[in-house]
Amino acid sequence: ARPSAGRVVGEVLGVVVGGFVLGDVGVFDPILDAPQFVEGFGGDAAALNKLRSIKDGIIDTIVTMDDAPDDDTMNLSDLRARGRARGFDEVDAQLEKLDADTVCMLIYTSGTTGLPKGVMLDHGNMMSVAKGVGEHNPQIKTLDEGYILVSYLPLSHIAEQMFTIMGHLEYGGQVYFCPALDLMKDMLPEVRPTVFVGVPRVWEKFQAALEARLGSATGLRKALAGWALSTEKKATLTEIGGGTAGGFGRGLANKLVIGKIHAALGLDRVVFCASGAAPISKRTLEFFASLGVVIHEGFGMTETAGAVTSQPTNRPLFGTVGQAIPGVEVKIGEDGEILLRGRAMTRGYYKNEDETQKLLDGENWLHTGDLGKLDEQGFVSITGRKKEILITAGGKNVAPVEIEVKLNAIAGVGQSVVMGDREPYLVALIVLDREAIPELQSTLGLESDDPAAIAADPKFLKHLQDGVDAANSGLARYQTIKRFEVLFEEFTVEGGELTPSLKLKRPIIAKKYDSQVRALYTNAGATARAS
C-alpha cells in the first residue's frame, strides 16, 4: 500500500476537496510553490472568474480538472507531475513534522447569518472526534463486512468529513461517492452500506417514497404490510427501551415484508444509521423503527470538528441528540445556551480574533449558539438557536425550530418555516412534499397530481389545518400557528433557501417570500383560518 498511499499525497496534494481552503499548513506547503490551493467552485468560466476576483492575497494557485485555460492556472496533470518530481522523501519529511496541534484545514462556515468565518481545525480535533464516536458506538469499529459508506454531502460539510475521511482513516473500509442526491435511491442497493448518515431531509424523502408505495397496496398485500410494520415497530421500540423482542411473528414479518424493504432500499447490511445537521421529527424516527432501522441523532458543529454528542447504540432517546462522546464535556449556560469543552473544539477563527473571543470564553467553553436542556442521564435536547429566536409584538420569545419539527411531521409536509418576529402572532410557510403526492391522493381522495393544484385543493388544506391544529394543541398560546401559506416549490440549495448542509437560510426565505408572508397578516390572502 506504500506506493499507492504515497502517490495520493505526492501526486495529488493529498486530495483537496470541494469548498475547502487549505493553506499555510503542514504537508501542503512544499508541494506547491504557493501556500494555498482552492478547488470546488465548478469548471465553468463564471466560477473561474469568481476565483480570480478574490485571488490576490487569498489564493496563489488555481488548479483545474481539465486543461488550464491560460497561464495563471494549472491543470491537475501538471500538479501531479510537480508532486512526482518532488518525490516521496520530501513528503515523508513534511509528514514527520506534523503533530496533533498542526492546523490541517480551514472550513468556512456556510453563513446562514453574517459573513462566513474560517474555522481552524487541527489533526487532534479531527482524530478526537473520530475516536470518540467509535468509542461511544463501538459496533462501527467491529463491522463484519467492514466500514462501507456512501458519501453524498459536500466535503466542506464537517459531518461528511468526519464519516467519509476521518472515519475511513480510523476504522478502514470503503467509501463510495454519490454525485447527486437524486441518484441515492439507485446507488444504495448497489453499495449496500454498513453505515449510513442522512440529514433529516434525506430520511424524510425515503419515508415519503416508502409511504407512497405502501399506500398504493391493496387487499391482502396492504393488510400484510400493515401487520408487518406494526409488528416490527413494537419490537424495535421494545428493544430501544431496553427490553427484548423476537419470536415467530417478528421473524415472519421480516421474512415476508421487512427484509424485502431493506433489500430494496439497500439497507440490508446497515448496522449504524445516523442523522444530524437539523432536528428530525419523532414521526420519521418511529416510521423507520417500524422498518427495524434505528436512527441515532447526533449534534455537532464545524467548530467542534463534527458530532460531539451521539445516541447510545440502538438505545436512542427520541427527542434528544444523545450524550457527549468520550473526551467532551457539556453544560447548559445561565441563558440556556449549550456549552462544550474538550479536545475536539477549534482553536478559533482564522485571522478573526473578535469572533474567536465570542466563541470561546476564558475557561475554554465553546458557546454553540444553540439553546438546549441536559437531563440527569446526560442526554442533550436542542430547543432552538439564540440568533433565530423570534420576539413577538407581545414580547414573547419563541424558538421556531421546535414548532417546525411538529409541522414537518404532518403527512405531505416536506419543509416549513415559522415566522412572526415583531408580529402579533406566528405564521408559517409550508412546503408540499412531492414525494408524498401518491399517498395524499390515496388517503385524501385527491384527483390531480399537479403540485400547484394540490397546494390549493380544499381537501389538502383541511388536512393541513387539522395537522396544524394538532401541533398547536401541544404549544403555549403565543407559540401557536394562526395562519399558513402552502408552497409547491421545494426549498433548495440552488434556489438559495438552503445552505449546502441543507439548513434553512431564514433571512433569504423571508425576503424571497415577503409578499406571501405579508398576506398572512392581512384579512385577504391567508390560506388558513385563524385557530
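Based on the mean of other Cβ atoms within 10 Å per residue, sort peptides 243-253, 336-346 so the most packed one is first.
In decreasing order of mean packing, 243-253, 336-346 become 336-346, 243-253.
Can you give me the angle between helix 458-472 and the longest principal axis of the chain, using Cα atoms only, in degrees from 0 to 90, rounded to the nearest 10?
80 degrees
Could you tell me the center-to-center distance, by alpha carbons, between region 361-433 and region 85-153 in angstrom?
Computed from Cα coordinates, the inter-centre distance equals 30 Å.
When only the heavy atoms of the protein chains count and the probe is 1.4 Å, how do 416, 473 rank by accessible area, highest first?
Listed by decreasing accessible area, they come as 473, 416.
Could you state how much accessible area residue 108 has, in square angstrom rounded to the nearest 10, with a 1.4 Å probe and all protein chains kept in place?
90 Å²
May I ask for the Kirkwood hydrodynamic radius of region 138-253, worked out over all distinct Cα pairs and given in angstroms to one decimal?
16.7 Å
For the chain, what is the accessible area per residue in Å² when the probe is 1.4 Å?
It amounts to 46 Å² per residue over the chain.
Which angle between 0 and 90 degrees, to the nearest 10, do you get for helix 219-240 versus the longest principal axis of the chain when only C-alpha atoms count?
Relative to the chain, helix 219-240 is tipped by roughly 60 degrees.
What value, in deg cm²/dmol to 500, does the helix sum -39500 (n - 2.57) over DSSP H runs of n ≥ 4 give at 222 nm once divided by the residues of the chain?
Taken over the chain, the calculation gives -10500 deg cm²/dmol.
Give the accessible area for residue 239 in Å² (nearest 10); use a 1.4 Å probe, count only protein heavy atoms, and leave out ligands, DNA and RNA.
Result for residue 239: roughly 60 Å² accessible.
When Rg is the radius of gyration of the Cα atoms in the chain and Rh is its Kirkwood radius, what does Rg/Rh come to?
Result: Rg/Rh = 0.98.
Over all distinct alpha-carbon pairs, what is the Kirkwood Rh of region 243-378 in angstrom?
Kirkwood hydrodynamic radius for region 243-378: 17.2 Å.
Of all beta bridges DSSP finds with both residues in the chain, what is the antiparallel percent, to the nearest 5?
Of the beta bridges lying entirely in the chain, close to 65 percent run antiparallel.
I need the peptides 277-285, 76-84 ranked by packing, meaning the mean over residues of other C-beta atoms within 10 angstrom, with the highest value on top.
Put in order of decreasing packing, that is 277-285, 76-84.
Compute the angle between helix 76-86 and the longest alpha-carbon principal axis of the chain, please, reported from 0 to 90 degrees and rounded to the nearest 10.
That works out to roughly 40 degrees.
Could you sort 332, 261 by accessible area so the largest value comes first, with the probe set to 1.4 Å?
Per-residue accessible area, sorted high to low, gives 332, 261.
Using the structure shown, list the pairs from 234/373; 260/503; 131/233; 387/512; 358/505 with a Cα-Cα distance above 30 Å, or answer none.
The answer is 260/503; 131/233.
Take the solvent-accessible surface of the protein heavy atoms, probe 1.4 Å, and return the percent of it on the chain that carbon and sulfur atoms account for.
After summing per-atom areas, the C and S share lands at 53 percent.
Which value in Å does the Kirkwood hydrodynamic radius of region 146-198 take, with 1/r averaged over all unlike C-alpha pairs and then inverted?
Computed over Cα pairs of region 146-198, the Kirkwood hydrodynamic radius comes out at 11.1 Å.
Search the structure for amide H atoms under 5 Å from the amide H of residue 369, placed 1.01 Å from N in the peptide plane, and list their residues when 5 or more places away or on another chain.
338
Please give the peptides 289-300, 368-379 ranked by average Cβ packing (other Cβ atoms within 10 Å per residue), highest first, as a rough proxy for protection.
Output ranking for 289-300, 368-379: 289-300, 368-379.
Which whole-number percent is the relative contact order of the chain (Cα, under 8 Å, 6+ apart)?
Result for the chain is 11 percent.
Could you list, bin by bin from short to long, the percent of Cα-Cα pairs of region 88-206 in 5 Å steps?
Whole-percent P(r) values from 0 Å outward: 2, 10, 16, 19, 18, 17, 11, 5, 2, 0.
The values are calculated or read from the model by the stated rules, or taken from the named source; none is laboratory data. All figures in this text were calculated on a predicted structure; none of them were measured in a lab. Note: ideal-geometry Cβ built from the backbone for every residue, glycine included; neighbour counts use all protein chains shown. Surface areas here come from the heavy atoms of the whole protein model, side chains and all, with no ligands, DNA or RNA. Shrake-Rupley method; radii C 1.70, N 1.55, O 1.52, S 1.80 Å.
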